[in-house]
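Below: the structure, in structure tokens.
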Amino acid sequence: MTTTAASTAPRAGLEPVEHFDVALIGSGSANSFPGPELADRTIVQIDRGVGPQHVFGGTCLNLGCIPTKMFVHTAQLAHTPSVAARFGLTEHLRHVDWPAIRDRIFGRIDPITARGEAYRRDHEDNANLTLLRGTAEFTGPKQLRVILADGAVRRISADTIVLGAGSRPELPPVEGIAEAAPHTSDTIMRIDALPASLAILGSGVIAVEMANIFASLGVEVTLIARSSRVLRAADQDVSQRLTELFAERFHLETRLRTRSVRRTATGVELRGERDGQELVIEAEELLVATGRRPNSDLLQVQQAGIDTHPDGRVVVDEHQRVLRGGEVAEGIWALGDLSSADQLKHVANHEQRIVRHNILHPEQLRSSRTMPVPFGVFTLPQVAWVGLDEAAAREQAAAQGRSIRVAVQEYASIAYGWALEDTTGFAKIIVDAETTEILGAHLIGPEATTLIQILIQAMSTGQTARDIATTQYWIHPAMPELIENALLQVTD
């Protein structure tokens, strides 16, 4: 095994090819790949960065999970005065200092990003690692061209290639939308000032979280959904409840097909169609949150013959090995948003650990597909789910000649729910009628993303509803009684 990077003689007119044991692309979850166990291998880490500033450290840290949840907490504090009267209190939101909010958040995140890059570049722990900041492109099965930030080119070959290049926001095919220069999740959190009004195109996770944040901070928000409900990936009852609650908080335009967007002297204008009628929406700013695309096109994966799904995701097997022509492309691995349909940080982290183990222990390959994948949406109210929704569970049970039981427990039915004065939240748990195997769980309400972990653990370790309902104490009057009472419905 080589211990230093080697170069081969250059072809005429080309830069020399530098050879490494491992080429690692990305700095999100992929950034956890290097470590002491790989100290005897030469590693080149190639990262183009994320967002307009091409910052190191991946989407979650810089543009996704971390800053958005810091904004969500601020939004929750700002939202408190609107419900205070219910508890006999009088509060008013008198002022929102957006620069202070923004700078507090990125004043913490940006130094972490800078330290992370400096650590990879300069620290003695990474003596076997070469960090290149630029865009990697395949030129062959295990050959890469790296276009550096300054325009210089490096040519790389490697025995093992780990792809963790992530995804980026994508604009929908709407007339004039690119020319209107809308915000995406890459840019909206760093704006200089809050707009008086904000139109949000989209109704998925990013859209609903951003709608909550900006509405809570006093922005007039219009959320535009093509379908009849927001967050359609969730169980229908949960999605419907969130739709109803959002319609009470801000302007919600459902079943609207956006036809064109243009920038005007006062902001943006969207023209759409619903039931044959044209509708015009005007706002000071526009946020587009209709989806993300994997960065496989930037990697030019076709040059390596790598298989992709219709949406651009790199195809991998259960061990995270990349496929080429339906067969394993030996030595090439992928993880995270580049190959996963879930586009979740906890999934990417798990896949990175699987890739690392499988490279270090090729004789003991592990599968990444052994656990149910949970989803959390940090809006007000929170939404969380894991496993099958009710419709899918009924369809599956019918195909197998089995039946299901469904419990719905409202927050208002438990003591802590009374304390919260919550009248809209609920938990839905779906189990196999005979075995009480938990097939799915869906929550909407306070701390839903925390409460659901009880059920995630049960599903992941093979515990049934019957196993956990009556074999432990459930603290009274704490929030987990919501789960306890739902379980008792399907285990009596």
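See the values below:
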read-out: Three-way shape call for the stretch 104-238 based on the alpha-carbon gyration tensor, with the a/c threshold at 1.5; value: prolate
read-out: Net length gained if the chain between Ser82 and Asp492 were fully extended (0.36 nm per residue, minus Cα distance); value: 143.6 nm
read-out: The chain - accessible surface per residue (Å², probe 1.4 Å); value: 46 Å²
read-out: For the stretch 255-321, radius of gyration divided by Kirkwood radius, i.e. Rg to Rh on alpha-carbons; value: 1.23
read-out: FRET E, pair Leu93, His476, Förster distance 35 Å, beta-carbon r, rounded to 0.05; value: 0.50
read-out: DSSP-loop GluC sites (Glu not before Pro) across the stretch 93-183, with at most 10 other Cβ within 10 angstrom; value: Glu179
read-out: Rounded percent of accessible protein surface that carbon and sulfur make up, the chain, 1.4 Å probe; value: 50 percent
read-out: Rounded D (µm²/s) - the chain, Kirkwood Rh over Cα pairs, Stokes-Einstein at 37 °C, 0.692 mPa s; value: 132 µm²/s
read-out: Point-charge dipole on Cβ atoms (K/R +1, D/E -1) for the stretch 399-472, about Cα centre, debye to 20; value: 200 debye
read-out: Test item: Cα-centred dipole of the chain, Lys/Arg +1 and Asp/Glu -1 on Cβ, debye; value: 700 debye
read-out: Global geometry of the stretch 1-134, whether rounded, prolate or oblate, following the gyration tensor of its Cα atoms and the 1.5 cut on a/c; value: prolate
read-out: Residues of type lysines that Lys345 reaches as a straight line, Cα spacing below 21 Å, ignoring anything fewer than 8 places off in the same chain; value: Lys69
read-out: 3J(HN,Hα) from dihedral phi, the stretch 127-142, Karplus parametrisation 6.51/-1.76/1.60, rounded to Hz, x for glycine, proline; value: 4, 8, 10, 10, 9, 10, 9, x, 9, 8, 9, 5, 10, x, x, 9
read-out: In order through the stretch 307-324: 3J(HN,Hα) via Karplus (6.51 cos²θ - 1.76 cosθ + 1.60), integer Hz, x for Gly, Pro; value: 6, 9, 6, x, 8, x, 5, 5, 7, 10, 8, 5, 9, 6, 7, 5, 9, 10
read-out: Range of Cα positions in the stretch 218-371 per principal axis (Å), largest first; value: 60, 36, 30
read-out: For peptides 321-328, 432-439, 480-487, 404-411, sequence by mean Cβ density within 10 Å, most packed first; value: 480-487, 404-411, 432-439, 321-328
read-out: Radius 14 Å from Cβ of Asp110, net charge of other residues (Lys, Arg +1; Asp, Glu -1); value: +3
read-out: Gyration tensor verdict on the stretch 179-263 (Cα atoms; rounded if a/c is under 1.5, prolate if a/b is larger than b/c, oblate otherwise); value: prolate
read-out: For the chain, calculated [θ]222 nm from helices alone, where every DSSP H run of n ≥ 4 adds -39500 (n - 2.57); value: -8500 deg cm²/dmol
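The values are calculated or read from the model by the stated rules, or taken from the named source; none is laboratory data. What you see is a predicted model, and the numbers here were worked out from it, not measured in a lab. FYI the Cβ positions are ideal-geometry reconstructions off the backbone, even for glycines, and counts take in every protein chain you see. With ligands, DNA and RNA removed, areas are computed over all heavy atoms of the protein, side chains included. Shrake-Rupley method; radii C 1.70, N 1.55, O 1.52, S 1.80 Å.
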